[in-house]
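First the structure, in the form of structure tokens, and then the observations on it.
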Amino acid sequence: PAAAAPALRARAARPVAPLCCVQTSRGHQSLHNSVDEALLLKRKAEEVQFELNGRCIYLVGMMGSGKSTVGKILAEVLGYSYFDSDSLVEQAVGMPSVAQIFKVHSEAFFRDSESSVLRDLSSMHRLVVATGGGAVIRPVNW
Ligand SMILES: Nc1ncnc2c1ncn2[C@@H]1O[C@H](COP(=O)(O)OP(=O)(O)O)[C@@H](O)[C@H]1O
Ligand SMILES: O=C(O)C1=C[C@@H](OP(=O)(O)O)[C@@H](O)[C@H](O)C1
């Protein structure tokens, strides 16, 4: 079944051509599809590279929709740095997993730290950021 694909949001004054990665299926049968999709994604990234002009890309989408997979490919092609906001929150809090942060602290605590991490990243250039699936919940993150 079709799954939600991560939306691509470039921090751009002028929108650039939208990139879309459609995740059609999972498992071994989709292997050749994934290879094709990666090639298409690389080509699209090369197409928009000039227009992006160093502006960041923030990937948003449901949990498991492919943000990290897509983000690493985009960063490599564009010569950008790649960050996963969940990992940055784990580092900032000093805990090994988001699940543990939720358990020991709370979701609100995690969301505060996530917003802080995203705010810090927002002053930087040439980044591809895979945000957490719930990052869109707080309008301050947009
Ligand atoms: N285009 C795709 N086709 C099939 N499986 C994919 C595709 N993109 C990602 N996946 C798989 O889906 C799972 C979740 O992907 P991931 O990039 O970690 O998602 P997210 O970062 O949004 O949580 C991983 O096992 C990944 O290998
Ligand atoms: O924001 C959230 O509620 C979460 C989304 C998920 O992130 P992904 O979308 O990166 O899978 C998960 O990893 C994380 O533990 C919690």
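Listed values, structure above:
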{"quantity": "Selected residue (only one of 47, 51, 37 is over 22 Å from residue 132 (Cβ atoms), acidic (Asp, Glu) and within 9 Å of ligand 1 (Cβ to nearest atom))", "calculated": "37"}
{"quantity": "Residue that is surrounded by the most Cβ atoms within 10 Å (Cβ to Cβ), among those in the range 110-142 that are under 14 Å from residue 86 (Cβ atoms) and more than 10 Å from ligand 2 (Cβ to nearest atom)", "calculated": "129"}
{"quantity": "Residue in the range 62-79 that is of a type outside the set (A, V, I, L, M, F, W, C), free of Cβ contacts under 8 Å to residues at least 40 places away in the same chain and assigned to a loop (DSSP other than H, G, I, E, B) present", "calculated": "no"}
{"quantity": "Search result, residues across the range 92-106 that are small (Gly, Ala, Ser), more than 16 Å from ligand 1 (Cβ to nearest atom) and within 20 Å of the chain's Cα centre (by Cα)", "calculated": "92"}
{"quantity": "Which numbered condition residue 55 misses (of (1) of a type in the set (D, E, K, R); (2) open to solvent by less than 20 Å² (accessible area, probe 1.4 Å); (3) touching a residue at least 60 places away in the same chain (Cβ under 8 Å))", "calculated": "(2)"}
{"quantity": "Residue within the range 134-141 that is hydrophobic (A, V, I, L, M, F, W, C), touching a Leu at 6+ places or on another chain (Cβ under 8 Å) and either assigned to a helix (DSSP H, G or I) or free of Cβ contacts under 8 Å to residues at least 12 places away in the same chain (or both) present", "calculated": "yes"}
{"quantity": "Residue count for the range 92-101, restricted to those that are assigned to a helix (DSSP H, G or I), surrounded by 14 or more Cβ atoms within 10 Å (Cβ to Cβ) and not small (Gly, Ala, Ser)", "calculated": "3"}
{"quantity": "Every residue from the range 59-91 that is closer than 18 Å to residue 43 by Cα, open to solvent by 50 Å² or more (accessible area, probe 1.4 Å) and near ligand 1 (Cβ under 10 Å from one of its atoms)", "calculated": "69, 72"}
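The values are calculated or read from the model by the stated rules, or taken from the named source; none is laboratory data. Small disclaimer: the values here were computed from a predicted structure and weren't measured. Every residue, glycine as well, gets a Cβ built from its backbone with ideal geometry; the counts of neighbours run over all protein chains shown. Heads up: the accessible areas ignore ligands, DNA and RNA and are worked out on the full protein's heavy atoms, side chains in. Shrake-Rupley method; radii C 1.70, N 1.55, O 1.52, S 1.80 Å.
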